[in-house]
Amino acid sequence: MERANGTTVEEFILLGFGAEKQKRFFFLISFTILYIITLAENITIITVVFLDAHLAHLPMYILLSNFSWLELCYVSTTVPRMLCDLVSPPGLISFHACFLQIYMLFSLGNTEFFFLSAMALDRYLAICHPLHYSQIMSPNSCYSLVAICWVLGFLGYVVPVILMSKLSFCGSNIIDHFLCDPVPVLSLACPPLGNAPLMFQVSMESLFLGNVFFVVLSYSIVIFTLMKSSNQGSRQKAFSTISMHLLVVTLFYGTVGAMYLIPGGESQSAITKAVTLFYTAVTPFLNPLIYSLRNDQVKKALGRLLRRMLRLLTTKVMA
């Protein structure tokens, strides 16, 4: 944590999106609107599933409501901080806050890996083993699966982040990004870097590739099973659901993989910021639309909830 001249690094400077006032104002308005809509979408899904007696006991919607909780936490790890830095640059962030942000961002992203695998497992069991689905994916089993996703998600990056935080930092403390990211942070560390870069890369690749393999395998078996099905109506409905799941998987895994697994993927600052912005802010906005708000059962449950609220409001007004 010490510079070459002996002083201690107590904070980093996040350059964000540049110093032009008009540019900052445009980003501030755009990201604020995006953040508010994202919060509203995910809170709506959580509320609908929680209050609807039917959806609250269905495994897929238990997973989706918890996935919405995850998205709320995930987007709130970076966007509020980014908005504050747009209002009052430069983006000063303390040493410990920087590494806390790295840990939270990657732990929540890792948890999303496991949730996507859990939802792939749910669809595999529902389509390939329908007779045993209700026994295997009971509400209690589903909540246990949710707990496992959260626990495994937050265990994956404990060691890499601790090792990174113990490195010595020298020279510049300027990070050309809008958040603390391991790649630019490690570039500021004084050699020797020890095992920190290797541990981060091993954790990233093993967790990413392991979940990708599981998701691809699950959906491949599901698609193969659906193609053999003779019931055209149920097959089309299942394909519609699976296609939405695959879109979410492709968006998230594609951007994260391009950023951290492709050699040189983080080399250009503008591209790095655009890709990071997509999977930290845009994807949490798109996921509720793709996964839930287009879903007929969610639409019907939302309609029932709105009618119930309208009746309560009308009763109070008349009283």
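A compact table of results
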item	result
Tabulated pairs, segment 270-295, first in a helix (DSSP H, G or I), second of a type in the set (D, E, K, R) and open to solvent by 50 Å² or more (accessible area, probe 1.4 Å), C-beta under 8 angstrom, 6+ apart or interchain	Thr272/Glu266; Leu293/Lys299
The lone exception for Met164 - which of (1) touching a residue at least 24 places away in the same chain (Cβ under 8 Å); (2) closer than 20 Å to Ile221 by Cβ it fails	(2)
Val151 vs. criteria in contact (Cβ under 8 Å) with a residue 12 or more places away in the chain and among the aliphatic types (A, V, I, L, M)	no
Given (1) within 30 Å of Lys166 (Cα to Cα); (2) among the hydrophobic types (A, V, I, L, M, F, W, C); (3) in contact with a Leu (Cβ under 8 Å, 6 or more places away or on another chain), number of the condition Leu198 does not satisfy	(3)
Failed item in (1) at pLDDT 90 or above; (2) under 21 Å from Phe239 (Cα atoms), with Leu152 passing the rest	(2)
Residues that are of a type in the set (Ser, Thr, Tyr) and free of Cβ contacts under 8 Å to residues at least 40 places away in the same chain, drawn from segment 14-62	Ser30
Filter result (of a type in the set (A, V, I, L, M, F, W, C) and either surrounded by 16 or more Cβ atoms within 10 Å (Cβ to Cβ) or assigned to a loop (DSSP other than H, G, I, E, B) (or both)) within segment 14-28	Leu14, Leu15, Phe17, Ala19, Phe27, Leu28
Asn110 being open to solvent by 20 Å² or more (accessible area, probe 1.4 Å) and in contact (Cβ under 8 Å) with a residue 12 or more places away in the chain	no
Filter result (assigned to a helix (DSSP H, G or I), at pLDDT below 85 and either open to solvent by 80 Å² or more (accessible area, probe 1.4 Å) or not hydroxyl-bearing (Ser, Thr, Tyr) (or both)) within segment 228-246	Lys228, Gln232, Gly233, Arg235, Gln236, Lys237, Ala238, Phe239, Ile242, Met244, His245
Test: residue in segment 168-179 that is touching a helix residue (DSSP H, G or I) at 6+ places or on another chain (Cβ under 8 Å), surrounded by 13 or more Cβ atoms within 10 Å (Cβ to Cβ), more than 29 Å from Leu83 (Cβ to Cβ) and in contact (Cβ under 8 Å) with a residue 24 or more places away in the chain	no
Options Gly91, Gly109; residue that is within 30 Å of Leu163 (Cα to Cα) and touching an Asp or Glu at 6+ places or on another chain (Cβ under 6 Å)	Gly91
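The values are calculated or read from the model by the stated rules, or taken from the named source; none is laboratory data. As the structure is a computational prediction, the values presented were derived from the model and not from experiment. As a convention, Cβ positions derive from the backbone with ideal geometry for all residues, glycine included, and neighbour counts pool all protein chains shown. Only protein heavy atoms, including side chains, enter the accessible area calculation; ligands, DNA and RNA are left aside. Shrake-Rupley method; radii C 1.70, N 1.55, O 1.52, S 1.80 Å.
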